[in-house]
Amino acid sequence: MDAGSAGPRRRVGIAIARKSIVTKTGDGGETGLLYGGRVKKTDPRTEAYGAVDEAISTLGAARALVEDRGRHAIILRIQSELFTVGAELATDAADYGKLEQHFMIVTPDFTGRIEREIVDLERRVPLPDAFVIPGGTQAAAALDVARAVLRRAERRIVGLQQGGQLHNPEVLRYTNRLSDLLFMLARAEEGTAVKPLTGRRVAGRPAAPARTRPAPRRRSRA
């Protein structure tokens, strides 16, 4: 009704057509890259950005458990950066120019920020002198799962690099540093209140056999 009407007001609903997320275009075992056409779902690029997608999701599970505001913000930023990584991996090297025109790419600034955060955590978080068994706290365990998933993504990215399909080498450097940061974030979540379980160290190497001194040479008599 009009604003000046004495009758009761009613909300006017606007019908918005929603497009279903079900496309049925992948029923044949193919999927579309961001740039570069359609490929098999078993394509190395699909495997790589699929693993990154898993890492983003597992980081979300970790973030839901983290109460520290600083670490919470770091994880959220990492999730956002991994979407940039995924976009790079979902682009054929021949179409990389199109990606640069429309999206952010992974730069050395990404990696440098990760390295500074690792150094900061190393100053403040004591590390045990042995292998850490994940599970000290729920948040730390979730971060360790995310780290393991990211390591798998890194291996897939190495495969792309070896196959000449990784245009930006900074993507590999970034993911390599990121798994180290996730390890440190997990240890920070455990804190000093939790004594981490550690695995047994490998037994010391056996001592090298003593070297026998060579027998002195006899001087020949003239």
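The values are calculated or read from the model by the stated rules, or taken from the named source; none is laboratory data. The shown structure was predicted, so the numbers you read here are calculated from the model rather than taken from an experiment. Virtual Cβ from ideal backbone geometry, glycine too; neighbours counted across all protein chains shown. These accessible areas exclude ligands, DNA and RNA; they are computed on the full protein's heavy atoms, side chains included. Shrake-Rupley method; radii C 1.70, N 1.55, O 1.52, S 1.80 Å.
Brief remarks on what is shown
- As a summary of the residue check, I75 satisfies the conditions (1) in contact with a Leu (Cβ under 6 Å, 6 or more places away or on another chain); (2) free of Cβ contacts under 8 Å to residues at least 60 places away in the same chain; (3) farther than 16 Å from L172 by Cβ except for the one numbered (2).
- Members of segment 129-162 found to be open to solvent by 20 Å² or more (accessible area, probe 1.4 Å), farther than 15 Å from L82 by Cβ, of a type outside the set (A, V, I, L, M) and assigned to a helix (DSSP H, G or I), listed by number: Q138, R155, G159, Q161, Q162
- Hits in segment 109-127 - residues which are out of contact with any Phe, Trp or Tyr (no Cβ under 9 Å at 6 or more places or on another chain) and either of a type outside the set (A, V, I, L, M) or free of Cβ contacts under 8 Å to residues at least 24 places away in the same chain (or both): D109, G112, R113, E115, R116, E117, V119, D120, E122, R123, R124, P126
- Contacts under 8 angstrom Cβ, first residue in segment 169-181 being free of Cβ contacts under 8 Å to residues at least 24 places away in the same chain, partner of a type outside the set (A, V, I, L, M, F, W, C) and open to solvent by 20 Å² or more (accessible area, probe 1.4 Å), 6 or more apart: P169/Q161; L172/E154; L172/Q161; N176/E154
- Of all residues in segment 90-110, exactly one satisfies the criterion of being closer than 16 Å to S179 by Cβ and open to solvent by less than 10 Å² (accessible area, probe 1.4 Å), namely V106.
- Test: residue in segment 121-128 that is over 17 Å from the mean Cα position of the chain (by Cα) and open to solvent by less than 40 Å² (accessible area, probe 1.4 Å): yes
- Of the criteria (1) among the basic types (K, R); (2) under 23 Å from Q161 (Cβ atoms); (3) open to solvent by less than 60 Å² (accessible area, probe 1.4 Å), which one K41 fails: (3)
- Only one of the listed residues (A55, A73, A64) is among the small types (G, A, S), on the phi < 0 side of the Ramachandran plot, buried (at least 19 other Cβ atoms within 10 Å of the Cβ) and at pLDDT 90 or above. That residue is A55.
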